[in-house]
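Everything below concerns the one structure shown next.
FYI, it's all coordinate maths here, none of it is from the lab. Everything quoted here is computed from the prediction, not taken from an experiment. Methodologically, a virtual Cβ is constructed for each residue, glycine included, from the backbone with ideal geometry; neighbour enumeration extends over all protein chains shown.
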Amino acid sequence: MERRVIATKQAPGAIGPYSQAVATDSFVFTAGQIAIDPATGELVAGDIKSQTRRVLENVKAILEAGGSNLHSVVKTTVFLKDMNEFAAMNEVYGEFFKDSPPARSTVEVARLPKDVRVEIEAVGLIASR
């Protein structure tokens, strides 16, 4: 089975010893994404909705660079700093996953990188080559 590292300038670069994503013959596994604007390298200020939107745009770009897309996502994991923000995060999440949403786990965590409000990772199917 082939294993390849995915890297795109359309999403924030890895800031440590990890890859934006790793793809196999069938799947793309993204690293957790936070609300960093790839154009500026800066954290997106604002509420949970603004951060969730930026995070999912980053996830989308990485999936596409790996040969997948949001419609092909089979599983996501959402890490929230505050579970009280679940409804607002979920509202934006629903805009990205309208039809046949993937399986999902959502957990509240004590702290996230750069003290962001949300981090999301995804696993997407790759279309046959």
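Within a 10 angstrom radius of the beta carbon, how do ILE120, ILE126, ILE36, ILE62 rank from fewest other beta carbons to most?
Neighbour counts put them in this order, fewest first: ILE126, ILE36, ILE120, ILE62.
To the nearest 10 degrees, how steeply does helix 48-65 sit against the main Cα axis of the chain, on a 0 to 90 scale?
That works out to roughly 10 degrees.
Spelling out what I want: for every residue of segment 115-120, take phi, set θ = phi - 60°, compute 6.51 cos²θ - 1.76 cosθ + 1.60 (Karplus), and round to whole Hz; glycine and proline get x.
For segment 115-120, the Karplus curve yields 6, 5, 8, 8, 9, 9 Hz.
Could you list the square roots of 5 times each eigenvalue of the Cα gyration tensor of the chain, that is, the equivalent ellipsoid semi-axes, sorted largest first and rounded to whole Å?
Ellipsoid half-lengths, sorted descending, are 23, 17, 12 Å.
How many Lys pairs in segment 4-125 lie less than 24 angstrom apart by Cα atoms, where the lysines are 8 or more positions apart or on different chains?
Pairs that pass both the separation and distance tests number 15.
Helix 86-96 sits at what angle to the longest principal axis of the chain, using alpha carbons and giving 0 to 90 degrees rounded to 10?
For 86-96 against the chain, the angle is about 40 degrees.
Whole-Hz Karplus ³J(HN,Hα) for segment 25-40, in order, using 6.51 cos²θ - 1.76 cosθ + 1.60 and θ = phi - 60°, x for Gly and Pro?
So the J values, rounded to whole Hz, are 5, 10, 9, 10, 10, 7, 6, x, 10, 10, 7, 9, 7, x, 6, 10.
Most fluctuating residue of SER19, SER72, SER100 in a GNM of the chain with Cα springs under 10 Å: which is it?
Greatest mean-square fluctuation among the candidates belongs to SER100.
Mean residue ellipticity at 222 nm from the helices of the chain, using -39,500 (n - 2.57) per DSSP H segment of n ≥ 4 over the full residue count, to the nearest 500 deg cm²/dmol?
Result for the chain: -7500 deg cm²/dmol, rounded to the nearest 500.
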